[in-house]
Structure formats: structure tokens, C-alpha cells
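The values are calculated or read from the model by the stated rules, or taken from the named source; none is laboratory data. Since the model is a prediction, treat every value here as computed from it, not as a measurement. Glycine gets a Cβ as well: all are built from the backbone with ideal geometry, and neighbour counts include every protein chain shown. Quick note on the areas: whole protein, heavy atoms, side chains included, nothing else; ligands and nucleic acids left out. Shrake-Rupley method; radii C 1.70, N 1.55, O 1.52, S 1.80 Å.
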Amino acid sequence: MYTGNVMSREKKDGFTLLELLIVIAIIAILSVALILVINPAETLKKSRDAQRISDLSTLKTALGLYITSTSTPYLGDVANNTACKASPTAAYIAGDKIFYSLGSGTLITDTTLDGSIVVVSGQSATPTLTDGTGWIPVSFDSLTSGSPISNVPQDPTNTIAALGTVASTDLVYRYACAANPLNFEINAQLESTEYTSTDNRRTKDGGNNNDYYEVGTNLRILGAGVDF
């Protein structure tokens, strides 16, 4: 029969209060550090900006396909170019329009962004349609191969603070065209530090306005050539 000494063992159940407090404190510190590193607000802004850059690229491609695939392209309406400026550098006059991605029946007035000329634009009630009644007045559906896009994208935020005085800070897409030669421009406001400072896409796009990210076949149609 074994008669050796039996060592007593102390069994510990769970954590002590002090240990729990230490773990909680460490988790809290790590959480704060993680939030500071990730910066969720900036991450969301960067994500929206990436979507804007992608959307404008999609629209530029779609408009390019429309122009090259149509014998008589219309960029200012489904059947004419009367809403286009006379030329890319011409001043806006009565009848010229700037189109916004905001779906609204209310008129939008531009009194400062484009040479201090009042430009009034009517908005589409169905802004994403591709038949020419969307916010971009081009009938992509008229192509024999069908529309190159399933819908006309809108800005991820898509707001204008004051419809009577649209500002460069409004997060909304803008589109305009010129009749002679036939050209177009689309622009968007960017909001993240990544794309307005670190990698400032607004100053690298070749456009005439450093307050906007601009794409198109002529980047002098929108904007007055100065920073606002």
C-alpha cells in the first residue's frame, strides 16, 4: 500500500476582482488606441470619396461610349443641345444649365461657383434613370447595344444645404456640357483627408477648379477658373 506524502493542491476558481479590473483597463486602453488608429469618421469619408471617384469614372466611360456610338449625340437633352454652353469657356447665359445629382423638383441656383453668373437648373424626379430623364439628360438607352450603365449614379451623400445658393462644399455631383465643340464635364466634392490632402485628387485631375474632383472631355466647362 502506498503511504507517501500527498501534496495538497489549491484550486482557484475564476478571477479575483483585481484581475478583472486589470483586464478591463487593458481592454479599454486598447479600444481607445484602436479607435484613434482607425479613425472611423475618416474611414467613412474615404470610402465615400472612393465611391465618388469610381462613379465619375463610370459616367465618363458611359458618356464616351454614347458619343462615339451615336451619329448625332445630344448631351443637353434627349433631342438637342440647347442646355449646353456655347463653348467650354463661354459664359453661362439664359437657357444654359448645370445638372445636379440631387433628385428634386425644386430649382437650384448657382450665383457664385461659375463666374458669378446665375445658373438655374431643373432637377429630375427620377434621377437614376438612363433614358434621358435622369439627372444627366442623356439617353443612354437609345444605343443599339443598350445602355452601358444600369443606372445613373448619385453622390453617396447627395445633399445641397441651400438650393437657392449652391456652394462648393455641397456633396453632390454636377454635370454640364458645351455645344461647340461638343464636350462634357462632371465634378464632385471630396471630403476625406486622404483625397483632399495626402493624395489631393482635386489638384491632380487637370481641371480648372481645385475645389472639385473633375472628369470629362473638357475640364473648363464648369467652374470659373479660380478656387472658391
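Taking Cα atoms only, the orientation of helix 40-69 departs from the longest principal axis of the chain by about 30 degrees.
Dividing the summed helix terms, -39500 (n - 2.57) for each DSSP H run of n ≥ 4, by the number of residues in the chain produces a 222 nm estimate of -8500 deg cm²/dmol to the nearest 500. A crude spin-label estimate for the pair Ala28 and Leu163, with each label 7 Å from Cα along the Cβ direction, gives 4.9 nm.
Here is the P(r) of region 76-161: all C-alpha pair distances, binned every 10 Å from 0, give 17, 44, 33, 6, 0 in whole percents.
What range in the chain is the longest one free of trypsin sites (Lys or Arg not before Pro) that are in a loop by DSSP and have at most 15 other Cβ atoms within 10 angstrom?
Longest site-free region, per DSSP loop and neighbour criteria: 13-228.
Between the helical axis of 17-38 and the longest alpha-carbon principal axis of the chain there is an angle of about 20 degrees. Accessible area per residue for region 112-228, computed on protein heavy atoms with a 1.4 Å probe, is 40 Å². Modelled spin-label separation between Leu17 and Glu42, with each label point placed 7 Å from Cα along the Cα-to-Cβ direction: 4.1 nm. Between Thr128, Thr82, Thr70, the GNM of the chain built on Cα springs shorter than 10 angstrom shows Thr70 fluctuating the most.
Of Thr68, Gly223, Ala125, which is farthest on the positive side of the dipole of the chain, counting Cα position, with +1 on Lys and Arg Cβ, -1 on Asp and Glu Cβ, and the Cα centre as origin? Sorting the options by dipole projection puts first Thr68. Computed over the chain with a Gaussian network model linking Cα atoms closer than 10 Å, the most mobile of Gly95, Gly103, Gly134 is Gly95. Candidate values [x] 58; [y] 49; [z] 53 were compared with percent of Cα pairs over 22 Å apart computed on the shown model; the agreeing label is [x].
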